[in-house]
Amino acid sequence: MTGVTIENLRKEYGSIVATNDVSLDIADGELAVLVGPSGCGKTTTLRSIAGLETPTDGTIAFGDADVTNDPPQDRDISMVFQNLALYPHMTTFDNIAFPLQAENNASEAEIREAVESIARDLDCEDFLDQRVVELSGGQQQRVALARALVREPEVFLMDEPFSDLDELLKRKLRSEVVRLQHEREITMVHVTHDQEEAITMGDRLVVMNGGDVVQMGDPDTVFNEPAELFVAQFIGSPQINRFDCTLERTSGETTLRNGDLDFSLSDDLAASLDGAGGEEIALCVRPQHFSWAERAPENESDGNGSDGDGSNGELSVPVTVEVIEKIGTEDVVRCRGPNGSEVLAVVASGTLDEGAEGYLRAEGANAHLFDGYDEHAERLN
Amino acid sequence: MSTIGENLPRAPAIKERLSNGRLIPYLLVGPTILVVFLVTIGPLLWSLWLSFTRWKPGSIAFQNPEFTGVENFVWLVTNERFIASVVNFAYYGGVGVLLQVALGTLLALALYNHVENRVLRVGLLTLFTVPMMYAPLVAGRIWQLLFLPGGGVVNGLLGTVGLTGVGWLNSRWLGLTSIMIADTWQWVGLPLLIVYGGRASLSESMYEAARVDGASRWMTFRRITFPQLRNLIVIAGLLRFMDAYKFFDKLFIMTGGGPGTATELPTYFAYLVGFQNFNIGQAAALTWVLGLGSVVTLFLFWRYMSTVQGGTN
C-alpha cells in the first residue's frame, strides 16, 4: 500500500480539456472519493492514476515513485470499471483468478484459496463455475469487485461501479467495500457522480468541476463549509436553498436584500462580508437547518408579514407549504417563498400539512455566504 | 349400391379444391421444386447411378452406360495415382489452410493493435484484400512467371543475394508448396478480414481490465483474444478448406499436375478421368467419394460448433 500524489495533471483530447490542473494527495490507506457532475474530469483523473491515459502535463507518483509514464501492468493497481469489463467467455472463478494468474507467483492451490475467500466475502460462491454472461447485473458487479479485490494492490480504483444497481444492493456493496477497505487498509480512489454515495463512503471527498479540483476535505467539512457556491449546491440532498441577495449597509446594520425579503446579519456574519468583492451575495441555507415556526420572531418585526427578519442573526422566511415528500421519518417540504421562489426544508414526519402558512427559521451560524452568484463564487463566512 | 359409403364425405373435386384454395400452395411451389429436381437432385442421382457403370462416350465398346457393380470403386481405392493425389490434398489442404488462417489472424491482430495511423491501416487492409479480386487463373499465371526457374523474379532475387535458385514448380512437395504460396497470397485477405472484424467487435475496456490486471501480451492473446475469436477463425478455416477441396485453377495453370502426375490433387485427377479420358463412370465414382468426404468434413465442423455453442460473446 502507498499514497498517491498527483501534481498539476492536465489532459487534453485534441481541443477538449478533460482535466485542467488537478493536484491532490491521497494518504496511504485512505478512501478518497472523486465526486462531481458528468464531464468534470473525475474519470480522466482516475484513468490517469491507472495509467490508461497518458497525461498531457503533470506527474503522478505512488509513494515516492514517479509512475507518470508507467503502463498499467507495471503499476500494481486494481480497478473496477464502470461497465465492469469482465471477461465474458470465462467463468466467475476464472475471472477472479485472472489477476493472480497474471502475477504468476502463486500456486494453483493458493489461487483457488484466494479466489474462494474473496468469493465468500462478496457472495459469489454459488456461481463460481458459471460463465459471467449468464449472471444477473448484481452478480456481475460482485464478480468485478472480487476480481479487483482478490489481489493486494498498491492502489485500488473504482469508476462508478455501483451506478447501475438497485438501491438495496448498492448500499450493501458499498458497505462491504468500505469494510474491506478499512480491514485491509487499502488506498482507494473511488469515482462517482452521486454525492450521497461520496459522503457515505469517503474518508475524504475531492469535489471536481470543469476539470479542476474545487474542494478537498472530509465529508463533514465539505458539507458544512463548502468552499464555493458550486460545492454548496452539488453536495447535500435535498439541494441547498439559495437566495441571491444584494448587500446593503446602513448605519451599523448590514442587510442582505432578496426582493421583498430582508436578512439582517449578526455582527459575526456582517464582519465576514468585509472581504466581499461586490454587492452581490448568495446566501444559502441547507433544508435540514430550517425549522418551522407559526409566527415571525417576536422581536421588533415591522409588522409587515412579507418581511423576513432576524436580529441576533436569525434568518426567517415566510412561506406557504406546497408539496410534502415523505422520506421515512422525515418529510421534505417544498414551500413557496416570497418572490415566488421555492424553499425546501426537512422536518419531522407528519408535522406539517400542505397549504400551511408560517415561517422557516434558521440560525445565522448555519447560513453560507458566497461572494457573487457565479458557481465559482467563494465562501465568505 | 351399398348404403355404407353414402354418408362418407366424398373427396372434393379438383375444381372445388382450387376454389377453396387448398391446392394453390402446391401449384405455386411446384415449378421451383421441378426445376430444383431437374438441375440438382436429378443429375445427382443420375451421377450416383453412373458411378456403378462403365460409360465411355466416344469409344466403341461402351457407347452407353453398362452396370458394373462396385468395379469403379475398387479401381479407385487401388489406384496409386488417386492415393497419391489424396496425400497431396492432405498436405495442400491441411498445411495450406493452416498457413492462410494463421497468417491472416496474425496480420489482422497486428494491423489492429500496432498500426495506429488510420489511413495506413485501411490502406494495408485494402492491399491484402485486393488479390481476392483477381481471377484465379490470372493469379496463377503471375506466380508461375514469378517462379520460372530461369528468368523468374524469385530466382532472380535469390541470385542478387548470392543464392542459387531452385525449380519451384519442378518437384512434388516444392511444387505443391509453391502453389500454396500463390494461393495464400491471393486468399490471406479472407481470414484477415474475418478476424479483423471479430477483433474490432471485442470490448476495449476488457483489454484495459487485462492491462490493469497485469496480463502480459501473450497471456492477453492466449486467454482473452484467441478464445473469443476461435469460432471465427474456425469458420475462416472452413471456408478456405472448402475452397481447397475444389481447388483446381492454379494447379491447372501452374503445374498442370506435373511434373508427371506428382502434384495432382483429387479434383484435378477427376477432371482428367472425366473430361480428358471421358471415363464417365470412373469419374462419377471419384467425385462421389470426394463429395462424401466433404459431407464428413462439414459434419465434423457442425459437431464442433455445437460443442462450443455460444462460445463467443
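The numbers here are math on the coordinates, done by the rules we state, and not lab data. Nothing here was measured: the structure is a model prediction, and the numbers come from that model. Backbone-built Cβ (ideal geometry, glycine too); neighbour counts: all protein chains shown.
For segment B:118-211, what is the charge dipole size about the Cα centre, in debye to the nearest 20, if Lys and Arg each add +1 at the Cβ and Asp and Glu each add -1 at the Cβ? Could you put the intermediate results ahead of the total?
On the way: 6 positive and 3 negative charges, 10 e Å.
That gives segment B:118-211 a dipole magnitude of about 40 debye.
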* Structure fact -> To the nearest 10 degrees, the tilt of helix A:108-121 (Cα long axis) against the first principal axis of the alpha carbons of chain A is 20
* Structure fact -> The Cα extents of chain A along the principal axes, largest first and rounded to whole Å, are 82, 46, 35
* With the contact rule set at Cα under 8 Å and sequence spacing of 6 or more, what percent relative contact order holds for chain A? -> 16
* **Between helix A:137-149 and chain A: long-axis angle, C-alpha atoms, 0 to 90°, nearest 10** => 70
* Asked: Between B:Ala61 and B:Tyr91, how many nm apart are label points set 7 Å from Cα along the C-beta direction?
  -> 3.4
* Asked: Tell me, what is the Rg over Rh of segment A:129-222, with Rh the Kirkwood radius over Cα pairs?
  -> 0.99
* Structure fact -> In terms of the alpha carbon gyration tensor, root eigenvalues a ≥ b ≥ c, rounded if a/c is under 1.5 and otherwise prolate when a/b exceeds b/c or oblate, segment B:1-141 is oblate
* Asked: Between the helical axis of B:24-36 and the dominant principal axis of chain B, each derived from Cα atoms, what acute angle in degrees is found, rounded to the nearest 10?
  -> 60
* To do: Return the single residue from B:Leu45, B:Leu232, B:Leu111 with maximal mean-square fluctuation; model: Gaussian network over chain B, springs between Cα atoms under 10 Å.
  => B:Leu45
* Label-point separation, B:Val122 to A:Asn8 (7 Å along Cα→Cβ), nm -> 3.9
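Is the protein assembly as shown rounded, prolate or oblate when judged by the Cα gyration tensor, a ≥ b ≥ c being the square roots of its eigenvalues, rounded requiring a/c under 1.5 and prolate requiring a/b larger than b/c? Show your work: numbers first, answer last.
Details: a/c = 3.38, a/b = 2.17, b/c = 1.56.
Prolate shape, in that a/c is at least 1.5 and a/b is the bigger ratio.
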* Structure fact -> The FRET efficiency for B:Val39 and B:Arg230, from their Cβ-Cβ distance with R0 = 51 Å and rounded to 0.05, is 0.85
* To do: Using only Cα atoms, locate the centre of segment B:264-313 and the centre of segment A:137-173, then give the distance between them in Å, rounded to an integer.
  => 53
* To do: Taking only Cα atoms and a 10 Å spring cutoff, compute GNM fluctuations for chain B and point out the largest among B:Asn20, B:Asn64, B:Asn170.
  => B:Asn20
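Quick one: putting +1 on the C-beta of Lys and Arg, -1 on the C-beta of Asp and Glu, what dipole do you get for segment A:1-78 around its Cα centre, in Debye to the nearest 20? Show your work: numbers first, answer last.
Working: 5 positive and 13 negative charges, 83 e Å.
Here the size comes out at about 400 debye.
Kirkwood-based Rg over Rh for segment B:14-54 (C-alpha set), two decimals? Could you put the intermediate results ahead of the total?
Details: Rg = 16.3 Å, Rh = 12.3 Å.
We get a ratio of 1.33 for segment B:14-54.
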* Structure fact -> From the Cα centre of segment A:79-135 to that of segment B:28-91, the distance in Å is 58
* Whole-angstrom gap from segment B:176-254 to segment A:15-47, using each part's C-alpha centre -> 41
* How would you classify segment B:72-311 from its alpha-carbon gyration tensor, with a ≥ b ≥ c the square roots of the eigenvalues: rounded for a/c under 1.5, else prolate if a/b is greater than b/c, otherwise oblate? -> oblate
* Structure fact -> In a Gaussian network model of chain A with springs linking alpha carbons closer than 10 Å, the residue among A:Asn105, A:Asn366, A:Asn20 that fluctuates most is A:Asn105
* With θ set to phi - 60°, apply the Karplus curve 6.51 cos²θ - 1.76 cosθ + 1.60 along segment B:137-148 and write out the HN-Hα couplings as whole Hz, x wherever there is a Gly or Pro. => 5, 5, 4, x, 5, 4, 6, 4, 5, 4, 8, 3
* **Amide H within-cut-off set for A:Leu34, under 5 Å, with H built and near neighbours excluded** => A:His190, A:Val191, A:Thr192, A:Val206
